[in-house]
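Working notes, structure below.
The values are calculated or read from the model by the stated rules, or taken from the named source; none is laboratory data. Fair warning: this is a prediction, and the values are worked out from it, not measured in the lab. Cβ: placed from backbone, ideal geometry, glycine included. Neighbour counts: every protein chain shown. Accessible surface is based on the protein model in full, side chains and every heavy atom, while ligands, DNA and RNA are left aside. Shrake-Rupley method; radii C 1.70, N 1.55, O 1.52, S 1.80 Å.
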Amino acid sequence: MQALSMAMQSTIPPYPSVEITARMKAASGATIRSSKCTREPYATRFAADKRKDFRLEGFRVRVIASRRMTSSSVRRSRPLRHALLAGCLLAATAPAADALPEVVATRGLPSSISSTYGTAVPLGDPSTAGLFAISTRWGVEIRDAVSGAEAPVGAFRTSGAVNAVAADGNTLYLFAGTRGIVAVDVTDPANPAAIGSRGDLGDLKLGAASPNGYGLAAANASELHFLGRSSPGALSLLATLRYADDRIVRAIVARSDSFLVVSERSTPLQRLFLTLYRLPAGAAQPQFVSEIPVPNQAPTGMVWRGDLAFIGAGSLGILTANVRTGVVTGPAGIGKYVREVDANDSVVVAAAQAGTFVRLRRSGSGGATLINPTFESLPLEPIHIALSGSRVAISVQDVDSAQDPDEVGRGAIEFRDLDLTLAIPAVGGTGRTRRVAWSAGLAYVADYTGGLRIYRADGSDTSLVGVLPLGSSTRVVDIALDPPRHRAYLAAGSQGLQIVDTTDPSAPALLSALPLPGLASAVAVVDSDLVVVGRRGTVGAGLTFVDVTSPASPAPRGQLGSGSIPDPRAIAVKDTIAFVADESLGLLAVRFGNPDAPGLVGTPTGTAARDLDLSGNVLLVATGAAGLQVVNVSNPVIPVLQSQVATPALLGVARSANSAALFLGDEGALVVDLNNPSAPVLRGPIGVPGASRDGIWVGDTLLVATGFALERFRVSPAPTVVPALTIEFDRALLLPRARIRWTPVSLPGMVGLNVYRDLLPGRQGTSPAGTLVNKSLLSPGATEAVDDSLVAGTTCRYRLEAFFADGSAIKVAEGSIFVPSNSAVGRPFPNPYRPNGGAALTLPFRIAPGSPAGTVEVTIHDASGRLVRRSVQAVGAGGGFGTAAWDGRDGRGRKAPDGVYFARVRGPGIDDARQFVLLH
């Protein structure tokens, strides 16, 4: 049996003409669309037994006109919003044309910064107390371990969620989730500045930098990446490792030119692995050195000192592993769940559950034995711990973890000393910006743990005006304003409805609090005498209408119980209908013509809903699984779905005029053009530090509640002319390639350029930031980039972003191109392909009817384009269906290594390739 074989079927009965749009990439299947002599297409999966004639889709250029958006809107569940947003899309390839940007958003000064702190990383000699860097989720702070001062020495903010920090000399490397790695120069600790970046590495959670100035390692959920550094800001990918037994990397520690990686396998049996790699300066690949398996253990943290690694093992305590000999001892139990550890030559310190800081003395040969544990109770839960000389920096928070809609409400840093008793208070911001409303130049923030906070919101002034604390146990999750009566209504969890007098914004005063069943989770103003409050929880969920004629003594009226509304997140009111976004049931409608006897109207949508924005007769619904839903409520009793925009899971939505901002947590924000509600258009992403939950438009400024701050973005209020991208299409290679060019860009503070690719339209589950084409940051003087990862049958949109030293970015040009499909090549199956069971990889293809006799050549290539296997077969005239098969071996019968491969099919009227992954 041939390892690379083909079979053909040549008899083809007549069928109506169909068109292949071929949206294929890796495991995605080709789609056949048939008109059936009408304009309504249907779709069917491509397979070898579907015998149809094909009309191949030719090359075309699509131009989408730009439009200025000016009409006004009202969000009934929150205050009036008036804004003007210019969202313009260029989709031309002519080099001489100028372009209007989709979204140009310039980041301004934030208000109310707080943090959830990660692990501290000493700057300089770790044996001496001094400066350290610590991740904050929104970026990084530089702090002084000696003084423990409340104010950081310096801070750096960047888009995405910064999960970890590594240091090498004067360079920090921030591991920022889907945004990749950001290199930051801290030669001047008071003024950190970005100097480089590297993307396209998945959702990075961990990382480490070797002190030899060359190696870097980073990990996402399934991959371990090794990178080299030709200079501190220039990162190149050397290797990506995927463990065959589906391990998850839990920790990475670097020392000299080596990396010690802790990973965990959960099936078939729990097992921990310590794997040592070397990456000498200038090496092209990491070198595997050794591996230590430890059965029945799950790692929770690691530190590597000398020959010994100390590994947190959860409730079992702390393991000690000799990396040189492979001997594992322990675990040393301490009676507490260990979250993270650090060590020096004499002690091991641990952050443990139940608010416990633990110290253990090292003794015995090489200090491998841990004895004499001492315990100290902390006011908050310790999550991370690190030593800076004799100083201990402990990252604490009010809860270990939280599940939406709850969240970690407070984060701080506690300082301790191994030799002295310190009197340094905990440092770090408190509070979480949960929801935001606006009135008369002021932003009113529902602070999750801090009550009500009021900020100036016009112009560049972002200062705090007034605060109303509501107690340490109060969790404020929503806000609604009644500006004429100077009232704010807060949905405050277990504390029910809180009514606040805002006549003097510098001194807001609590008028009353109304206890309610369950947890107050949403609130909306109906009129001057009536508000409606959503309640969630296992007991007491539902909806309550409240009479606020006398705000000092509010009185409940009618209500609905948990059987009708189990998990409300937002409310919008139109006439006598209250629309409810419910996480469990979707969009609900409640009639309350008689507030004492409200009742459900219609049927819930069934798609988890999290936020609403009502403007006239258009209701925007932010969902967890279906993106943005645009609903017509001209007849509020019978809402009609007009359109949907596929996005990652949404937390919030805010509309102004014909534009809407969608808030996606760690993934930032997206702007959508709603000029035609039946056909909304994505206008592009906005990179937001932290986790964007909610927002509001104030003129041309977008205020975003990110949990850690009230961020401000100036969005272009009028069309701004920027250079157009020139995009040239080249199909001469194995796969399509686009060359993107632009005129030189020169902006103050710019340190480089990035080119992103988005498929049109937006796809559910993809990052709104798009795919980084250039991988590493381009130099400021760069004028072109090449994209060799195109997908046949799709429109690709490109945008050019300038990246600045302060971590912000703005889009300076854009363009789009259609990538045609010129063949009928199906998807490789299975993908990923594992040949161990003896099954072959198959690739269906189609030779068009009427084709002359000839040969079909199928070649297998590795990721670099090198030929791995080739097979040629003669075919008769008339065309037909065929299938190529491959057994995973090269031309000499040897097993091909794991990796990305391409199968290319060339024959009469056909020349195309498909990508797949080989895993033994």
Select from the range 872-907 the residues that are open to solvent by less than 10 Å² (accessible area, probe 1.4 Å) and either among the small types (G, A, S) or in contact with a helix residue (DSSP H, G or I) (Cβ under 9 Å, 6 or more places away or on another chain) (or both) and list them in ascending order.
G879, G880, G882, A884, W886, G888, A896, A903
Hits in the range 644-659 (condition: more than 19 Å from T607 (Cβ to Cβ) and either among the small types (G, A, S) or in a loop (DSSP other than H, G, I, E, B) (or both)):
A654, S656, A657, N658, S659
Which listed residue is among the basic types (K, R), open to solvent by 20 Å² or more (accessible area, probe 1.4 Å), touching a residue at least 60 places away in the same chain (Cβ under 8 Å) and in contact with a Pro (Cβ under 7 Å, 6 or more places away or on another chain), from R487, R475
R487
Please name all residue pairs, on different chains or six or more residues apart, with Cβ atoms under 6 Å, provided the first residue is in the range 308-328 and is over 9 Å from V338 (Cα atoms) and the second residue is open to solvent by 30 Å² or more (accessible area, probe 1.4 Å) and in a loop (DSSP other than H, G, I, E, B).
N322/D307; V323/D307; R324/D307
Residue by residue through the range 606-632, note down the ones that are over 22 Å from I479 (Cα atoms), over 25 Å from the mean Cα position of the chain (by Cα) and buried (at least 21 other Cβ atoms within 10 Å of the Cβ).
V631
What residue, among those in the range 243-259 that are more than 23 Å from the chain's Cα centre (by Cα) and among the charged types (D, E, K, R), is most open to solvent (accessible area, probe 1.4 Å)?
R255
Which residue pairs have Cβ atoms under 6 Å apart, sit 6 or more places apart or on different chains, and have a first residue in the range 185-207 that is free of Cβ contacts under 8 Å to residues at least 24 places away in the same chain and open to solvent by 40 Å² or more (accessible area, probe 1.4 Å) and a second that is part of a loop (DSSP other than H, G, I, E, B) and not aromatic (F, W, Y)?
T187/N170
From the list D912, D862, which residue is open to solvent by 10 Å² or more (accessible area, probe 1.4 Å), of a type in the set (D, E, K, R) and not assigned by the TED database to the domain that holds L790?
D862
Checking the structure you have, find out if any residue of the range 339-354 is more than 30 Å from V427 (Cα to Cα) and either open to solvent by 50 Å² or more (accessible area, probe 1.4 Å) or over 38 Å from the mean Cα position of the chain (by Cα) (or both).
no
With L641, L662 as the choices, which residue is in a strand (DSSP E or B) and open to solvent by 10 Å² or more (accessible area, probe 1.4 Å)?
L641
Output yes when any residue across the range 398-409 is of a type in the set (D, E) and at pLDDT 95 or above, and no when none is.
no
State all residues of the range 208-242 that are within 15 Å of Q287 (Cα to Cα), open to solvent by 10 Å² or more (accessible area, probe 1.4 Å) and among the hydroxyl-bearing types (S, T, Y); if no residue qualifies, say none.
Y214, T240
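Has the range 419-438 got at least one residue that is touching a Leu at 6+ places or on another chain (Cβ under 6 Å) and more than 22 Å from R107 (Cβ to Cβ)?
To start, the set of residues in the range 419-438 that are touching a Leu at 6+ places or on another chain (Cβ under 6 Å) comprises 433, 436-437.
Filter once more, keeping what is more than 22 Å from R107 (Cβ to Cβ): none.
No, the range 419-438 contains no residue that is touching a Leu at 6+ places or on another chain (Cβ under 6 Å) and more than 22 Å from R107 (Cβ to Cβ).
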Among the aromatic types (F, W, Y) and at pLDDT 85 or above: does that describe F708?
yes
Hits in the range 647-659 - residues which are open to solvent by less than 40 Å² (accessible area, probe 1.4 Å) and not polar (S, T, N, Q)
P648, L650, L651, G652, V653, A654, R655, A657
Note on the range 277-301: residues open to solvent by less than 20 Å² (accessible area, probe 1.4 Å) and assigned to a strand (DSSP E or B) are Y277, I292, V294, G301
Expected output for the range 263-289 (first residue in contact (Cβ under 8 Å) with a residue 40 or more places away in the chain and within 18 Å of L224 (Cα to Cα), partner open to solvent by less than 70 Å² (accessible area, probe 1.4 Å) and small (G, A, S), Cβ below 6 Å, 6+ apart or cross-chain) is L274/A321; L276/S290; L279/G215; Q285/A239; P286/A239
Of the conditions (1) in a loop (DSSP other than H, G, I, E, B); (2) open to solvent by 10 Å² or more (accessible area, probe 1.4 Å); (3) out of contact with any Phe, Trp or Tyr (no Cβ under 7 Å at 6 or more places or on another chain), T462 satisfies every one except a single condition; which number is it?
(3)
Just need a number here: residues in the range 304-324 that are more than 14 Å from L360 (Cβ to Cβ) and either basic (K, R) or assigned to a loop (DSSP other than H, G, I, E, B) (or both).
6
If you take the residues of the range 849-859 that are surrounded by 19 or more Cβ atoms within 10 Å (Cβ to Cβ) and among the hydrophobic types (A, V, I, L, M, F, W, C), which of them is modelled with the highest pLDDT?
V858
Boolean, G668 is among the small types (G, A, S), open to solvent by 10 Å² or more (accessible area, probe 1.4 Å) and touching a residue at least 60 places away in the same chain (Cβ under 8 Å)
no
Which of the residues belonging to the range 369-390 are over 15 Å from I318 (Cβ atoms), open to solvent by 30 Å² or more (accessible area, probe 1.4 Å), assigned to a strand (DSSP E or B) and in contact (Cβ under 8 Å) with a residue 24 or more places away in the chain?
E376, E381, H384
When you go through (1) farther than 30 Å from E583 by Cβ; (2) in contact with a Lys or Arg (Cβ under 9 Å, 6 or more places away or on another chain) one by one for E381, which number turns out not to apply?
(1)
